[in-house]
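Some notes on the structure that comes next.
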Amino acid sequence: MKQQLVVVYDVGAAGPVDIATAAHDTCDIVFVCDPSNAHVARHLDQLHQSGTVIAIADPSADDIRKVVRALGADGLTTFSEFQLELTAKAADQCGLRFHDSATAMLLTDKSAQRNALRRAGVDATRHAAVDSPDDLESAVRDVGLPAVLKPRKGAASAETHLIRTVAEAERALRSAGGRFTLEELLRGDPDAAGPAWGDFVSVESVVVDGEVAASYVTGKLPLAPPFRETGQFAPSTLPAPVRDRVAACAEAAVLALGVRWGAVHTEVKLTPEGPRIVEVNGRLGGYVGDVHLRAGGPDLLRDAIAAALGLPVATRAPAYGRVAFRHYLAAPPYRALLERLDGIDELLQVPGVTHVDLRAAPGRVLDWRKGTQECLAVVYGTAPDHRALARTIRRIAATARPRYVSAERELSEEIRS
């Protein structure tokens, strides 16, 4: 009889079909989800096709505990940033393998996370909590400028700002609201990964009983301003010695935060002084499992599911046979009305492109402040090597031809620079 895994479902690192495919010969999936959630509502048919669905309006940790107990489920997890703390509370109540509540707090509160990493001697990036405009003066004094202002809780680079003056920070706070952290701007080394690629990478770790059982590095395309990702690929371009240093840096951060079970996504800046932690997230990165699997590498979703069930996690060295990528066609760095979008059909003629997921249609207003997910389209594909991938990315840029009308009378000082 197969084991059962309860997945608290919301927008995140994997969709229902991906989760079910990774679990098909390991366990049965039971999705707990809120049917009033817009993302859940859009994927409800897929959820029913991929597993058992238990719909609960605004589920509590106690609701999830009751589901786990009633089913006699063997594991509990989530692949969504927005459900980490809830899942951790439920796992605490059930005694199942997941982040405990204290660790989940450190994984979701970027200010608390920086404090923990500093105390452990893992990373000394200057930072300060900014819970109101009254905190700005002291934060700037402690951190210095330029700096990065981002929400203490959030994902996908939403409301992440480059701050050069106090006035810019005040405008960003008035516009967004909420609690933020101001962080030292880490300067990247453009030569670390190569001039065609981003000066940062991510590390996907699978932790079993307090030890990192598996660790894989994901390459990145250059950021769109100010800090929006434009894509990822596997394998990365890092030479083995640099890749090992990055993996060791990520492992130290993961263990310093008290992670004992599950998948972790660590973003690492490649600086002239060596790797530096950008942030640690308590789940797989957004669809990075897809690029590793399509490249012939590990099945990260399968490994994450195994960890949740207490099963062995594969520790093999990956044997990549190709380079796989996801490329986000970023919105412009200002609020804009999409007037035309030509060339989308032609993208499928670009060598290596296998699929295009259209995210925006003419008439839509795009807002860069919503982060990486506010894009025109996501382009999927493979290439025989990194040089071919670079050519493919250039072809994609030349083929997709958006035309915008500014939805703002003038650009902010941040964007105009």
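The rows are residues; the columns are (1) at pLDDT 95 or above; (2) of a type in the set (Val, Ile, Thr); (3) loosely packed, with under 13 Cβ neighbours inside 10 Å; (4) on the phi < 0 side of the Ramachandran plot.
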site	(1), (2), (3), (4)
ALA14	no, no, no, yes
THR21	yes, yes, no, yes
ASP25	no, no, yes, yes
ASP28	yes, no, no, yes
ILE56	yes, yes, no, yes
ALA61	yes, no, no, yes
VAL68	yes, yes, no, yes
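Considering every residue within region 108-127, establish whether at least one is at pLDDT 95 or above and under 30 Å from ARG69 (Cβ atoms).
Yes; the residues of region 108-127 include at least one that is at pLDDT 95 or above and under 30 Å from ARG69 (Cβ atoms).
Let's see how each residue does on (1) in a helix (DSSP H, G or I); (2) over 23 Å from SER202 (Cα atoms); (3) within 22 Å of the chain's Cα centre (by Cα); (4) not basic (Lys, Arg):
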residue	(1), (2), (3), (4)
VAL6	no, yes, yes, yes
GLY12	no, no, yes, yes
PHE31	no, yes, yes, yes
LEU47	yes, yes, yes, yes
ILE64	yes, yes, no, yes
VAL67	yes, yes, no, yes
ALA73	no, yes, no, yes
HIS99	no, no, yes, yes
MET105	yes, no, yes, yes
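Going through region 77-102 one residue at a time, which ones are over 25 Å from ALA20 (Cα atoms) and crowded, with 22+ Cβ neighbours inside 10 Å?
Passing the criteria: none in range.
Looking at GLY289 and the list (1) buried (at least 24 other Cβ atoms within 10 Å of the Cβ); (2) touching a strand residue (DSSP E or B) at 6+ places or on another chain (Cβ under 7 Å); (3) not in a loop (DSSP other than H, G, I, E, B), which single condition is not satisfied?
Among (1) buried (at least 24 other Cβ atoms within 10 Å of the Cβ); (2) touching a strand residue (DSSP E or B) at 6+ places or on another chain (Cβ under 7 Å); (3) not in a loop (DSSP other than H, G, I, E, B), GLY289 violates only (2).
What single numbered condition from (1) surrounded by 13 or more Cβ atoms within 10 Å (Cβ to Cβ); (2) not in a loop (DSSP other than H, G, I, E, B) fails to hold for ASP134?
(1)
From the list ALA308, ALA314, ALA304, pick out the single residue that is outside any helix (DSSP H, G or I) and either on the phi < 0 side of the Ramachandran plot or surrounded by fewer than 24 Cβ atoms within 10 Å (Cβ to Cβ) (or both).
Criteria check complete, one pass: ALA314.
If you go through region 22-54, how many residues are touching a helix residue (DSSP H, G or I) at 6+ places or on another chain (Cβ under 8 Å) and either free of Cβ contacts under 8 Å to residues at least 40 places away in the same chain or of a type in the set (Asp, Glu) (or both)?
Of the residues in that region, 14 qualify.
Given the structure, is ARG359 surrounded by 20 or more Cβ atoms within 10 Å (Cβ to Cβ), among the charged types (D, E, K, R) and within 20 Å of the chain's Cα centre (by Cα)?
Details: surrounded by 20 or more Cβ atoms within 10 Å (Cβ to Cβ): no; among the charged types (D, E, K, R): yes; within 20 Å of the chain's Cα centre (by Cα): yes.
Here the answer is no, as ARG359 does not meet what is asked.
Which of (1) in contact with a Ser or Thr (Cβ under 7 Å, 6 or more places away or on another chain); (2) part of a helix (DSSP H, G or I); (3) of a type in the set (S, T, N, Q) does THR392 not meet, given it meets every other one?
In the conditions (1) in contact with a Ser or Thr (Cβ under 7 Å, 6 or more places away or on another chain); (2) part of a helix (DSSP H, G or I); (3) of a type in the set (S, T, N, Q), THR392 misses (1) alone.
Of the residues that sit in region 320-340 and are among the aromatic types (Phe, Trp, Tyr) and over 15 Å from ILE396 (Cβ atoms), which one is modelled with the highest pLDDT?
Checked region 320-340; the qualifying residue modelled with the highest pLDDT is TYR320.
Yes/no per residue for (1) buried (at least 20 other Cβ atoms within 10 Å of the Cβ); (2) outside the structural domain of GLN373 (by TED's automatic domain parsing); (3) not in a strand (DSSP E or B):
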residue: ASP142; (1), (2), (3): no, yes, yes
residue: LYS150; (1), (2), (3): yes, yes, no
residue: GLY198; (1), (2), (3): yes, yes, yes
residue: VAL201; (1), (2), (3): yes, yes, no
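Looking at this structure, is VAL378 of a type in the set (Val, Ile, Thr), at pLDDT 95 or above and buried (at least 20 other Cβ atoms within 10 Å of the Cβ)?
Against the criterion (of a type in the set (Val, Ile, Thr), at pLDDT 95 or above and buried (at least 20 other Cβ atoms within 10 Å of the Cβ)), VAL378 does not qualify.
Given (1) within 14 Å of ALA304 (Cα to Cα); (2) loosely packed, with under 15 Cβ neighbours inside 10 Å, where does HIS48 come up short, assuming only one miss?
It fails just one condition, (1).
Scan ASP345, ASP357 and give me the residue that is out of contact with any Gly (no Cβ under 9 Å at 6 or more places or on another chain), outside any strand (DSSP E or B) and under 23 Å from ARG395 (Cβ atoms).
Checking each option against the conditions leaves just ASP345.
Could you say which residue among ALA158, ALA172, ALA176 is of a type outside the set (S, T, N, Q) and under 28 Å from LEU238 (Cα atoms)? Reasoning before the result, please.
Numbers: ALA172 fails: under 28 Å from LEU238 (Cα atoms); ALA176 fails: under 28 Å from LEU238 (Cα atoms).
Exactly one of ALA158, ALA172, ALA176 is of a type outside the set (S, T, N, Q) and under 28 Å from LEU238 (Cα atoms), namely ALA158.
The values are calculated or read from the model by the stated rules, or taken from the named source; none is laboratory data. Everything quoted here is computed from the prediction, not taken from an experiment. Reconstructed Cβ throughout: ideal geometry from the backbone, glycine too, with neighbour counts over all protein chains shown.
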